[in-house]
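The values are calculated or read from the model by the stated rules, or taken from the named source; none is laboratory data. Note that this is a predicted model, so its numbers are computed, not measured. Cβ placement follows ideal geometry from the backbone for every residue including glycine, while neighbour counts extend to all protein chains displayed.
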Amino acid sequence: MFTLQKFIKAFTFASCLFILVLNFSYFSIAGTWKDDFNDGNLNGWTHPADQVKDKTWSSVWKSENGVLDVTIHVEPHPPDRRDLCSINDFLQLTAFPISSSKLTVEVTIVGGVQWTSSFGIALGIHPEGGPDIGQFYVFTRDRAFPSYLVPSGVVNPLGREDLHRDYPTIPFGQPMKITFESGRFRLFSQDTLLLQFVDEGYPKWAKELLNVQRIEKIELVGIYAKGFDDVGDFHGVMDDFMISGPNLAVNARRKLATTWGNMKNESTRF
């Protein structure tokens, strides 16, 4: 007998299937991936520094209370190791491979942060050979600057002031958007263009020090945080990370698996 209970289950199943089809189209065809940090885990992210032993610092990255929360503790550096007075940490997006000449990243920095320019989004490329993480441009609430990151987090050799680009400070809780297209970076907040530039290469000293190159496509995306040993622990809070682009090979399966599981749980309540 076809009862009301069976009808509700059938209707719920059909609705779930329809929503799954919509989600599949959104995440795979549109090339968009979003993490609102509501699921309590960091699936799709990797912390390269976890592979480094005997560090003079520690950091905790966690998805908690609907936001990304990060703290960095740096031990006081010895007098002869000035390179350990500050640490550059990085959480890398590894949910899917990235190699794109056009993409957009959006995020909201909610709070925390010792220094305004110590927390933001990093876009860059792989170095040629070696264990280094990569060569990046970092975008914070008030500054863009080049960075060359290694897992141990030692001082960024590209951190010279003459390579910095400043712009009006973006308030906490106000979204920021970075677009990249064929070497040109643009930074927006509330549809206002705050900064644009083309990566035109590096000074001679930088090329002699590192194998740096012009960034003509993006291969690495992640979240940058910088801690210091003389101003207390770093603390930053971020929310609503989203990346999109026409050539992003977004893997929809992880997102769909979560959605399908939630829907099945809902249907068994009847």
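Screening A144 against (1) crowded, with 20+ Cβ neighbours inside 10 Å; (2) at pLDDT 90 or above; (3) not in a strand (DSSP E or B) leaves a single unmet condition, (3). Taken together, the residues in segment 36-74 that are modelled with pLDDT of 80 or more, acidic (D, E) and not in a strand (DSSP E or B) amount to 3.
Could you say whether any residue in segment 168-187 is farther than 30 Å from E75 by Cα, out of contact with any strand residue (DSSP E or B) (no Cβ under 8 Å at 6 or more places or on another chain), in a strand (DSSP E or B) and modelled with pLDDT of 80 or more? Within segment 168-187, not a single residue is farther than 30 Å from E75 by Cα, out of contact with any strand residue (DSSP E or B) (no Cβ under 8 Å at 6 or more places or on another chain), in a strand (DSSP E or B) and modelled with pLDDT of 80 or more.
Identify the residue in segment 166-201 that is of a type in the set (F, W, Y) and closer than 19 Å to M242 by Cβ and, among all such residues, is surrounded by the most Cβ atoms within 10 Å (Cβ to Cβ). Checked segment 166-201; the qualifying residue surrounded by the most Cβ atoms within 10 Å (Cβ to Cβ) is F180. For segment 90-101, what are the residues that are buried (at least 17 other Cβ atoms within 10 Å of the Cβ) and over 13 Å from the mean Cα position of the chain (by Cα)? If the condition is that a residue be buried (at least 17 other Cβ atoms within 10 Å of the Cβ) and over 13 Å from the mean Cα position of the chain (by Cα), then S100 is the only one that fits. Residues in segment 218-230 include at least one that is in the same structural domain as I121 (by TED's automatic domain parsing), of a type in the set (F, W, Y) and touching a residue at least 60 places away in the same chain (Cβ under 8 Å).
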